[in-house]
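Structure, as structure tokens:
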Amino acid sequence: DKQATKAKQLLAMYYLLKTIGIEHRESNSVSAVARFIHLLTGTKFTNIQNSDIYKKYLLMPNYKKGEQLIKDLQYIRPYFEESGLEEAVKEIDSEITRCIRELPLAMRKKWQGASSQQ
């Protein structure tokens with residue numbers, strides 16, 4: 001699936017880990033989480049701080065902004081919904097709502113109700 005980019009996979013892993021209490025800014029280091037994600041994805045690295053996974057995960061969930069982030073959140077949301085991971089769905093919906101509020105007013109109308117349209 002070419003739409004399932006590494007960035008979207010990392011975003012999904014961020015919300016999955018967050019629902020079980022692993023938050024890289026609060027309870028775990030980005031390096032430790034990035035090493036774990038490297039294990040899960042089978043992606044090799046030489047220096048964790050130079051890996052793309054580390055660099056993107058460091059910014060999670062805001063590795064993108066505005067409409068691009070909303071689209072990625074909408075892409076991963078159904079996977080959590082279908083799996084019954086309601087806590088992650090709530091977190092994703094909250095992030096979509098926050099992203100919409102930060103859009104310029106003219107763009108905001110396009111996205112109103114985006115999280116509930118899934």
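The values are calculated or read from the model by the stated rules, or taken from the named source; none is laboratory data. Every value quoted in this text rests on a predicted model; they were computed, and no experiment measured them. Neighbour counts are summed over all protein chains in view; Cβ atoms, including those assigned to glycine, are modelled from backbone coordinates with ideal geometry. Side chains included, ligands, DNA and RNA excluded: accessible areas come from the protein's heavy atoms. Shrake-Rupley method; radii C 1.70, N 1.55, O 1.52, S 1.80 Å.
Within segment 83-95, residues that are touching a residue at least 60 places away in the same chain (Cβ under 8 Å) have Cβ atoms under 7 Å from residues that are open to solvent by 30 Å² or more (accessible area, probe 1.4 Å) in these pairs: L85/T19; E87/T19; A88/L16; A88/T19; E91/K18, counting only partners at least 6 apart in sequence or on another chain. Within segment 36-80, if we keep just the residues that are of a type in the set (S, T, Y) and open to solvent by 90 Å² or more (accessible area, probe 1.4 Å), the residue that is nearest to R98 (Cα to Cα) turns out to be Y79. Residue-level check: of (1) open to solvent by less than 60 Å² (accessible area, probe 1.4 Å); (2) free of Cβ contacts under 8 Å to residues at least 40 places away in the same chain; (3) of a type outside the set (S, T, Y), R25 misses just (1). Which of the following residues is on the phi > 0 side of the Ramachandran plot and in contact with a Ser or Thr (Cβ under 9 Å, 6 or more places away or on another chain): G21, G66, G42, G84? Just one listed residue meets the conditions, G21.
Of all the residues in segment 5-32, those that are more than 16 Å from E91 (Cβ to Cβ) and in contact with an Asp or Glu (Cβ under 9 Å, 6 or more places away or on another chain) number 3. Of the set (1) under 11 Å from the mean Cα position of the chain (by Cα); (2) over 19 Å from I22 (Cα atoms); (3) acidic (D, E), all apply to E91 but (2).
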